[in-house]
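Accompanying notes for the structure given below.
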Amino acid sequence: MRKTATTLAILGGALLSQSAFAAEIDVKITNLTQGIYFTPVIIAAHTSDASIYTLGTAASDELQMMAEGGDISGLSTALTAASADVLENPAAGLLAPGASAEGSLSTADTNMYLSVGSMLLPTNDGFVGLDSWMIPTEAGTYTVYLNGYDAGTEANDEILNGGGAPGVAGIPADPGAANGTGALGVTDVEDNTMVHVHRGVIGDTDVAGGDSDLDSTVHRWLNPVAMFTVTVK
């Protein structure tokens, strides 16, 4: 059952009362998985009041759009409205296993924190994320490893059916075409409906049935799922 989600924290709050800060930064995200693709990535520099997601709380509608269908437009609109510096889709599409994407950001003097988001495909509502990482004030290159999270908005049935719209059960697609068909479903309930660390894909090796349409020899993954490199100039 769809729950009511709190509007993104980035839509309100006072600006930081800290001293002026601005940075020119290069960013690079690398997919560390064997068989999981990242949908278009959103990277944003923002104030301390901003948040793409918060662990242990209900997902916003904008986060659900991304986590279930890979749609970052809602997050981008909200972040832009909050005067964040936003970098969208640096890979110009899907980010394949083992691949990297790069880009640059010029941050405003109050946007001292970085956040990252992208759907993990094929999953029901899994996403790779970074929540409000403080940008270092000293020049240099910094590396952060990112985990996979579960938005808690949809049961992880692992059925590939072309779904992806918020509230529509199922997985949109497997870009690597390693999936099976005809699965009965791993589960039809999600006990934890808050944003939480993803359990990973269960999968099986039955290409014409079983519990999951996902291949346990291809799609299973453990954290971390991404490496995020930030170069402060």
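Number of residues in region 206-233 that are assigned to a loop (DSSP other than H, G, I, E, B) and over 23 Å from VAL27 (Cβ atoms) equals 15.
Does ASP131 qualify as being touching a residue at least 24 places away in the same chain (Cβ under 8 Å) and in a loop (DSSP other than H, G, I, E, B)? For ASP131, the condition - touching a residue at least 24 places away in the same chain (Cβ under 8 Å) and in a loop (DSSP other than H, G, I, E, B) - is not met. Each residue in region 203-233 was checked for being surrounded by fewer than 16 Cβ atoms within 10 Å (Cβ to Cβ), β-branched (Val, Ile, Thr) and over 30 Å from ALA22 (Cα atoms), and 3 of them qualify.
Only one entry in ILE25, ILE29 is out of contact with any Phe, Trp or Tyr (no Cβ under 8 Å at 6 or more places or on another chain), in a strand (DSSP E or B) and at pLDDT 90 or above, namely ILE25. A count restricted to region 27-69 and to residues that are out of contact with any Leu (no Cβ under 8 Å at 6 or more places or on another chain), crowded, with 24+ Cβ neighbours inside 10 Å and more than 19 Å from GLU158 (Cα to Cα) stands at 1.
Scan region 70-84 for residues that are surrounded by fewer than 19 Cβ atoms within 10 Å (Cβ to Cβ) and at negative phi and jot them down.
Scanning region 70-84 gives SER73, GLY74, THR77, THR80, ALA81.
The criterion of at least 1 residues that are of a type in the set (Gly, Ala, Ser) is met by the following strands (runs of 3 or more DSSP E) wholly inside region 58-121: 100-107, 113-121.
Matching residues to (1) surrounded by fewer than 20 Cβ atoms within 10 Å (Cβ to Cβ); (2) without any contact (Cβ under 8 Å) to a residue 40 or more places away in the chain:
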residue: ALA139; (1), (2): yes, no
residue: GLU154; (1), (2): no, no
residue: ILE159; (1), (2): no, no
residue: GLY162; (1), (2): yes, yes
residue: VAL168; (1), (2): yes, no
residue: ALA173; (1), (2): yes, no
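For region 73-89, a residue qualifies if it is in contact with a Gly (Cβ under 7 Å, 6 or more places away or on another chain) and within 15 Å of VAL128 (Cα to Cα), and exactly one does: LEU75.
Just one of THR80, THR137, THR123 is touching a strand residue (DSSP E or B) at 6+ places or on another chain (Cβ under 9 Å) and at pLDDT below 95; which is it? Even if it seems obvious, please write down each step before you answer.
Working: THR80 fails: at pLDDT below 95; THR123 fails: at pLDDT below 95.
Only one candidate passes the filter, namely THR137.
Taken over region 51-74, the criterion of being hydroxyl-bearing (Ser, Thr, Tyr) and under 14 Å from GLY148 (Cβ atoms) is satisfied by TYR53 alone. Applying a threshold of 7 Å to beta carbon distances and a minimum spacing of six or more residues, or different chains, the list of pairs starting in region 181-205 at a residue that is in a loop (DSSP other than H, G, I, E, B) and ending at one that is aromatic (Phe, Trp, Tyr) and crowded, with 18+ Cβ neighbours inside 10 Å reads VAL195/TYR53; VAL195/TYR149; HIS198/TYR149; GLY200/TRP221; VAL201/TRP221.
The values are calculated or read from the model by the stated rules, or taken from the named source; none is laboratory data. Being a predicted model, the structure only gives us computed values, none of them experimental. Backbone-built Cβ (ideal geometry, glycine too); neighbour counts: all protein chains shown.
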